[in-house]
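The values are calculated or read from the model by the stated rules, or taken from the named source; none is laboratory data. Computed from a predicted structure; not experimentally measured. All Cβ positions, glycine included, derive from the backbone under ideal geometry; neighbour counts span all protein chains shown. For the accessible areas, the whole protein counts, side chains as well, though only heavy atoms, and no ligand, DNA or RNA atoms are used. Shrake-Rupley method; radii C 1.70, N 1.55, O 1.52, S 1.80 Å.
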Amino acid sequence: QVQLVESGGGLVQAGGSLSLSCAASRRTFSIGAMCWFRQAPGKEREFVAAMTWSGERAIYGDAVKGRFTISRDNAENAVTLQMNNLKPEDTAVYYCASKGSGIIVSVATLYTNWGQGTQVTVSS
């Protein structure tokens, strides 16, 4: 089973930037797509971004379009989420996940492997 470990969360002021990384290990040959979701206290898990493992195609949630970028780090077998112009409403625990099929979707239940999450806090 694919193992995913997120890193890079922290505290940042509104308007600032953070970069999250999700390192994949074990059976990475089985990965078809990767994604990021986030969950704020008292709210449902929200789709952030997803991409094919090859890096050819990506989709974004409406709340982050134009501010966040998902990309593949081939050397590290990882996926990065670059977050710019952060807002207090971006505060959440960010999770990465993977699925075997290369069809990228925004539905959490279709992703089979999940990391433990990393906290992002944006102060106003």
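Just a few scattered comments:
- Atom-type composition of the exposed protein surface of the chain places 48 percent of the accessible area on carbon and sulfur (1.4 angstrom probe).
- Net lengthening on full extension, Val5/Lys87 (0.36 nm per residue, minus Cα-Cα): 27.1 nm
- Backbone amide hydrogens, once placed in the peptide plane, bring Asp73 within less than 5 Å of Ala78, Val79, Thr80, excluding anything fewer than 5 places away on its chain.
- Ellipsoid semi-axes for the chain, based on the Cα gyration tensor and the rule √(5λ), read 23, 14, 13 Å when sorted largest first.
- For the chain, the per residue solvent-accessible surface stands at 50 Å², with DNA, RNA and ligands left out and a 1.4 Å probe.
- Cysteine residues of the chain whose Cβ has no partner cysteine Cβ closer than 4.7 Å: Cys35.
- Options Ala40, Thr91, Gly16, ranked by Cα towards positive dipole end of region 1-104, top entry (Cβ charges): Ala40
- About its Cα centre, the dipole of the chain is roughly 180 debye, where the only charges are +1 on Lys and Arg Cβ and -1 on Asp and Glu Cβ.
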